[in-house]
1. Can you tell me the length gained on complete extension of the stretch S63 to R141, counting 0.36 nm per residue apart and subtracting the Cα distance?
2. Considering the range 11-184, what Rg and Dmax in Å follow from its alpha-carbon atoms?
3. Under the definition of Cα pairs under 8 Å and six or more residues apart, what whole-number percent is the relative contact order of the range 11-184?
4. On full extension of the chain, what length is gained from T172 through S149, given 0.36 nm per residue of separation minus the C-alpha to C-alpha distance?
5. At a Förster radius of 25 Å, what calculated FRET efficiency corresponds to the Cβ-Cβ distance of N162 and D24, to the nearest 0.05?
6. What GluC sites (Glu not before Pro) does the range 17-119 have in DSSP loop regions with at most 16 other beta carbons within 10 Å?
Amino acid sequence: MGRTFKKVNSRQVRFSHTARRIEDIFQSHRDNFGRARDLSLKFRAGMQEIAAFIQQHTSIVCSACRKKCCVNRHSCYTCEDLVYIYALGLKTQEYGERDESRPCYFLSVSGCGLERALRPSGCNWYFCDRLYGSMEKAPGRAYTDFDDSLRDLTYLWMELINEFLAQFNAVTAQKLHIADLKYSSHRRAGYPAPLSPRQRK
Ligand code: SF4
Ligand code: SF4
């Protein structure tokens with residue numbers, strides 16, 4: 001009987017290749033990435049702090065939404081997300097072929113099944129107008145505090161990626177990999193470029 005081969009598509013190969021490369025570099029140069037790990041932990045804690053505020057609003061606004069944006073094509077990790085996930089010592093699921101227009105495979109009856117801090121950044125940085133509108137009306141300083149925290153988290157994220165790239169550069173002789181990563185950091189790992197909030201629907 002002939003040997004059978006599992007069919008893999010090029011996106012899956014590219015996603016796995018990028019994920020393995022990032023995972024390997026963290027494992028083989030642990031001492032160089034201590035600061036990146038600390039920044040990732042800080043980012044995760046920061047996201048956890050604002051999660052309750054976001055949830056208060058998504059539980060109302062998103063529950064009533066008739067055209068939910070949680071579809072498979074939005075549930076992809078970028079290269080930057082992979083850096084963050086692997087810096088935390090976690091792993092991503094392997095990419096599987098999915099109908100990108102179908103409801104996201106992380107979506108359950110009670111909403112997203114992932115901890116907010118571990119969702120793809122395309123999910124965590126996306127707030128549609130209705131959701132923003134609801135947040136802005138929150139009493140007191142709730143929205144301003146949230147906005148400040150989100151801005152701080154953006155800077156923290158950039159610091160993390162810059163730190164990773166600096167260390168990656170320091171320990172890798174093949175500079176081409178850095179260029180690859182920088183290039184693809186603006187794109188989904190094996191996916192089309194991330195969509196802006198306006199494009200997402
Ligand atoms: S973020 Fe906006 S578009 Fe997406 S599910 Fe919530 S209300 Fe709907
Ligand atoms: S990962 Fe979660 S937040 Fe992102 S699209 Fe899927 S269900 Fe929605």
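Read-outs: derived from the displayed coordinates by stated rules, not from any lab. Here the structure is a predicted model, which is why all the values come from computation and not from measurement. Please note: Cβ atoms are built from the backbone with ideal geometry, for glycine as well, and neighbour counts cover all protein chains shown.
1. Details: separation 78, 0.36 × 78 = 28.08 nm, distance 2.46 nm.
That works out to 25.6 nm of additional length.
2. 17.3, 53
3. 35 percent
4. 4.9 nm
5. 0.75
6. Numbers: sites: E23, E49, E80, E94, E97, E100, E115; in loops: E94, E97, E100, E115.
Sparse-neighbourhood loop GluC sites (Glu not before Pro): E94, E97, E100, E115.
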